[in-house]
1. Ranked from highest to lowest mean number of other Cβ atoms within 10 Å per residue, what is the order of the peptides 82-89, 33-40?
2. Label Asn77 and Gln40 with points 7 Å out from Cα along Cα→Cβ: what is the distance between them in nm?
3. Using θ = phi - 60° and the Karplus relation 6.51 cos²θ - 1.76 cosθ + 1.60, list the HN-Hα couplings for the stretch 158-175 in order, rounded to whole Hz, with x at every Gly or Pro.
4. Rounded, prolate or oblate: which fits the stretch 69-130, taking a ≥ b ≥ c as square roots of the Cα gyration tensor eigenvalues, rounded meaning a/c under 1.5, else prolate when a/b beats b/c?
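No value in this document is a laboratory result; all are computed from the given coordinates. No experiment lies behind these values; they were computed from the predicted model shown. Glycine gets a Cβ as well: all are built from the backbone with ideal geometry, and neighbour counts include every protein chain shown.
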Amino acid sequence: PVQPQQPRPEALNSPTTPGSGGGSASWAQQVHQLAQPDPQQQAQQQQGQQQAEPQQAAPWRPPTLDPFAQLAADQSNARPAGLGKRLAARLIDTVVLGAAVGAIAAPLVTKATDHINGKIDEAKLSGQTVTVWLLDGTTATYLGIALGAFLVLGVLYEVLPTAKWGRTLGKKVCGLDVRGIESHQPPRFSAA
């Protein structure tokens, strides 16, 4: 003989109970009853987990935007900067580079001016008409040093940051980046 299955206590609290003397539970109530854990099965699972190795749960991390999707979105939204922003960035870069070159060139200009004035004073004291060349070996050396400083500082200030990060100080202040039209990458050293 098969004994009828006794309903669980929480099933007795439902408006309709299964079994003799009551109506059948609705579909939603049946699903809810099946979803409720059985206390005996829970106790067995807890004992099994205590005996087995403890499982390490992965820590929860908030979902992040796919970096490739972000890059594609940034590239598709990229537009050439306005003329005003580019002019302002160029002016800032010119002032910074000019100040650095000027700091190196100022003592050289003073020496070149003293050298030329010395040659003019010698010509006046000689009493003869003499041609005084402004560009001679000494002033050409000073000019070469100033131009060399301009080129070296220009490479260090303009070319290297543009090739590495796509921006200089002036471009960073104005929120600009130098990027290739197709590649959307900073230019190579030669292009920069």
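1. Packing order, densest peptide first, comes out as 82-89, 33-40.
2. Using points 7 Å along Cα→Cβ, the separation is 6.0 nm.
3. For the stretch 158-175, the Karplus-derived couplings read 9, 6, 4, x, 5, 6, 7, 10, x, 7, 10, 4, x, 5, 5, 4, 8, x Hz, x marking Gly and Pro.
4. The shape class here is prolate.
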